[in-house]
Amino acid sequence: MDSSSALKVVRQIKEMQELSGRLRLQKKRVAFVPTMGYLHGGHSSLIERVHSLADVTVISIFVNPLQFGPNEDYTRYPRDLDHDLKIAEEAGADIVFYPDAGEMFPKDFESFIDVKGPSGILEGAFRPGHFRGVATVVIKLFNIVKPHVAVFGQKDIQQAFIIKKLVGDLGYDIEILVSPIVRESDGLALSSRNVYLNPQERAAAPVLYRTLCYASEAVKNGQVSVLVLKEEMRKMIMSASPSQVDYIAFIDPSDFSETENLKSPEVIAAVAVRFGKTRLIDNFIIPVPDKK
Ligand code: PAF
């Protein structure tokens with residue numbers, strides 16, 4: 001859409017489907033950025049990236065109840081529509097799909113999507129049912145928005161892998177892009193959940209970034225033992241007094257399995273750590289030198 005057009009907010013599934021259908025008939029390329037709102041610079045970077053690749057950029061704002069466990073933060077997840085609309089418009093979005101929970105998941109809703117293999121480890125192990133909720137809402141959003149291209153953030157790297165797998169397995173004709181993590185100046189990955197951190201926890205949280213930098217340097221300098229890397233990373237994280245380390249893991253990016261052997265060309269180092277009640281995740285994609 002041209003840059004002078006104002007942001008359009010759509011609340012009903014039917015209206016969004018009709019709008020997307022018309023855009024497709026007009027041969028417009030539709031880009032999609034699914035979000036749960038409380039937008040920050042990471043979301044802006046996703047919107048800006050796809051805005052340049054498409055005629056129309058749609059974002060969704062929907063705090064998806066299906067992906068939160070019973071003791072998680074669904075009700076207190078931060079929400080601020082006015083702020084979100086401003087950020088979305090500044091970044092170049094044209095349409096905001098903003099349904100309520102009853103519209104997306106009415107009482108009689110009973111169809112769910114499971115991506116078996118990669119959903120079982122890391123986030124899937126610590127948040128049972130999380131990826132079932134993500135996969136189900138994302139497929140429903142794809143069917144409503146009908147995008148040609150959709151973008152996800154690398155911060156949720158397991159989610160991005162699962163969405164790619166889902167799209168491949170089910171034959172969706174949608175290009176899935178993954179955009180790099182955006183960070184604060186001290187390295188903390190941007191996340192809507194960072195607002196939960198108290199000043200002490202906020203000061204401690206960049207240890208995740210420093211730990212991943214250590215891993216990256218160590219691998220570059222020839223460290224091949226995942227055991228040694230994990231041990232050193234755990235020591236670094238513990239020095240910042242977190243309330244719990246959920247995992248420190250090395251992942252083979254080809255199938256998203258945990259690996260004890262570093263294989264060229266790349267490995268993913270991923271961490272999940274709790275500071276007080278706030279659970280933060282972060283990761284680096286680390287180049288692994290070829291064994292000579
Ligand atoms: O990454 C997120 O914000 C959510 O998991 C998503 C993809 C919008 C699905 O609710």
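Just so you know, all these numbers are worked out from the coordinates, no wet-lab data involved. Only a predicted model underlies this, so the values are computations on that prediction, with no experimental measurement involved. Cβ placement follows ideal geometry from the backbone for every residue including glycine, while neighbour counts extend to all protein chains displayed.
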Residue separation between ARG22 and VAL195 times 0.36 nm, minus their alpha-carbon distance, gives in nm 58.4 nm
At 0.36 nm per residue, minus the direct Cα-Cα distance, what do GLU260 and ASN143 gain on full extension? Give it in nm, one decimal, please. 38.3 nm
Measuring from the lowest to the highest alpha carbon on each principal axis, how far does the chain reach, largest first, in angstroms? 56, 44, 40
If each part is reduced to its alpha-carbon centroid, segment 137-154 and segment 184-224 end up apart, in Å, by 29
Going through the cross-link list LYS164/LYS230; LYS28/LYS146; LYS116/LYS277, which pairs have a Cα-Cα distance over 22 Å in this structure? LYS164/LYS230; LYS116/LYS277
Antiparallel DSSP bridges in the chain: what percent, to the nearest 5? 50
Per the Cauchy relation, a quarter of the hull surface: what is the mean projected area of the convex hull of the alpha carbons in segment 68-166, in nm²? 7.5
Cleavage-rule hits (GluC sites (Glu not before Pro)) in segment 195-292: DSSP loop, at most 15 neighbouring Cβ within 10 angstrom: GLU260
Gain upon complete extension [GLN12, LYS86; 0.36 nm per residue less C-alpha separation]: 24.6 nm
So if I place +1 on the C-beta of Lys and Arg and -1 on the C-beta of Asp and Glu, and nothing else carries charge, what would the dipole magnitude of the chain be about its Cα centre? I want it in debye, nearest 20. 140
